[in-house]
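Asks: Shown below is the structure under consideration.
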């Protein structure tokens with residue numbers, strides 16, 4: 001403030017002599033202009049000055065370090081000086097609210113711009129990397145936790161004989177299962193002896209985040225028709241990541257409240273030919289996302305008048321991995337009647353045949 | 001931006017390190033648990049149904 005007053009007394013015009021980028025900007029210090037001017041007049045005893053002008057100057061002068069103000073008084077070109085005082089002044093430049101950006105010569109502006117661009121790109125790259133981590137690991141953690149909760153709920157409901165979880169009850173509980181609720185376990189021994197997931201109702205995004213989801217219009221486990229499930233290939237617990245290793249004859253076991261249903265992937269187990277089944281339905285196929293026929297009651301048959309005579313199972317997931325370009329489809333057919341859980345406390349033989 | 005954050009963080013070098021770690025953790029958590037779950041359904045990685 002002291003130098004401020006001196007300047008206004010003695011060399012009031014000096015600000016106007018300075019280069020344009022050194023000239024005071026509009027007051028940004030929040031002082032009421034009138035109060036500031038009064039203070040100035042009282043202390044300095046100088047001639048009356050228009051109230052606005054000193055207020056502006058005082059705002060400017062408070063913001064600028066003494067050193068740079070001294071430097072700015074001589075009229076030499078400012079390029080060398082600006083480069084020589086980088087650290088004290090770059091804080092002004094980083095804050096666009098002040099007039100700091102205009103303090104810099106053009107070369108420095110370019111450098112600032114390039115640095116900003118570089119930092120932005122690096123930040124973007126880090127965010128993308130973090131997203132990959134999220135997709136591959138974090139969603140797995142979330143889904144695993146949710147699967148454990150679903151398992152507990154399902155077992156509890158079965159013990160309590162909850163009627164809303166009775167897909168194999170007379171009358172069919174199909175429409176009674178709320179979307180997102182677990183209602184069965186799926187086990188695929190070929191994907192590991194410990195491979196088990198809770199199957200939830202529905203194929204909404206939320207439902208599929210929790211586990212393999214049941215197409216609501218498709219048959220229920222063991223029913224004639226096509227019990228169809230969708231599951232994530234990568235992330236969200238990756239339930240169907242290795243669906244492509246399933247071979248003809250591999251078992252898919254569905255456990256409901258009181259029954260085990262064993263489905264077997266279609267095709268010839270001896271030759272590994274997926275297309276060998278007499279029904280013409282392939283054990284594995286790769287289709288476009290629009291090919292909804294794969295989940296029809298008879299897979300691939302677009303004719304509602306034909307009543308299905310077999311109980312099929314269809315698994316759908318994306319293909320190739322990390323892409324939504326196509327769909328990988330597995331078809332299986334029920335192998336024998338459902339086995340009552342009461343008679344097979346250790347699970348059906350298909351679980352231990354490998 | 002990073003220069004500005006580093007200079008703004010208080011507490012000398014230890015304080016700046018702790019502050020940086022906290023900032024990174026907070027921003028990561030924000031992204032992982034709010035932003036990504038929110039933005040993910042609109043990205044083409046997870047369409048697994050036929051429709």
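Asks: Among the residues of segment A:203-238, count how many are at negative phi and part of a strand (DSSP E or B).
Replies: Number of matching residues: 7.
Asks: From the residues in segment A:185-206 that are closer than 15 Å to residue A:232 by Cβ and in contact with a helix residue (DSSP H, G or I) (Cβ under 6 Å, 6 or more places away or on another chain), which one is surrounded by the most Cβ atoms within 10 Å (Cβ to Cβ)?
Replies: Ranking the qualifying residues of segment A:185-206, first place goes to A:200.
Asks: Follow-up. Which condition number does residue A:285 fail, the rest of (1) surrounded by fewer than 17 Cβ atoms within 10 Å (Cβ to Cβ); (2) farther than 25 Å from residue A:337 by Cα; (3) more than 10 Å from chain B (Cβ to nearest Cβ) being met?
Replies: The number of the failed condition is (1).
Asks: Which condition number does residue A:200 fail, the rest of (1) under 25 Å from the mean Cα position of the chain (by Cα); (2) more than 14 Å from chain B (Cβ to nearest Cβ); (3) part of a strand (DSSP E or B) being met?
Replies: (2)
Asks: Follow-up question, since we're still on this one. Quick check on residue A:152: is it modelled with pLDDT of 85 or more and surrounded by 11 or more Cβ atoms within 10 Å (Cβ to Cβ)?
Replies: Against the criterion (modelled with pLDDT of 85 or more and surrounded by 11 or more Cβ atoms within 10 Å (Cβ to Cβ)), residue A:152 qualifies.
Asks: If residue A:291 passes every condition in (1) without any contact (Cβ under 8 Å) to a residue 12 or more places away in the chain; (2) within 14 Å of chain B (Cβ to nearest Cβ) but one, which one does it miss?
Replies: The number of the failed condition is (1).
Asks: Taking segment A:243-291, which residues are under 34 Å from the mean Cα position of the chain (by Cα), more than 25 Å from residue A:352 (Cβ to Cβ) and either modelled with pLDDT under 85 or part of a strand (DSSP E or B) (or both)?
Replies: If the condition is that a residue be under 34 Å from the mean Cα position of the chain (by Cα), more than 25 Å from residue A:352 (Cβ to Cβ) and either modelled with pLDDT under 85 or part of a strand (DSSP E or B) (or both), then A:285, A:286, A:287 are the ones that fit.
One line per residue, one yes/no per condition, for (1) assigned to a strand (DSSP E or B); (2) touching a strand residue (DSSP E or B) at 6+ places or on another chain (Cβ under 7 Å); (3) loosely packed, with under 15 Cβ neighbours inside 10 Å; (4) not assigned by TED's automatic domain parsing to the domain that holds residue A:190:
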| position | (1), (2), (3), (4) |
| --- | --- |
| A:301 | no, no, no, no |
| A:307 | no, no, yes, no |
| A:315 | yes, yes, no, no |
| A:321 | no, no, yes, no |
| A:324 | no, yes, no, no |
| A:328 | yes, yes, no, no |
| A:337 | no, no, yes, no |
| A:345 | no, no, yes, no |
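Asks: Check off (1) at pLDDT 85 or above; (2) more than 11 Å from chain B (Cβ to nearest Cβ); (3) buried (at least 19 other Cβ atoms within 10 Å of the Cβ); (4) in contact with a helix residue (DSSP H, G or I) (Cβ under 7 Å, 6 or more places away or on another chain) for residue A:177 and give me the number that stays unchecked.
Replies: Answer for residue A:177: the failing condition is (1).
The values are calculated or read from the model by the stated rules, or taken from the named source; none is laboratory data. As the structure is a prediction and not an experimental result, all values here were calculated from the model. Reconstructed Cβ throughout: ideal geometry from the backbone, glycine too, with neighbour counts over all protein chains shown.
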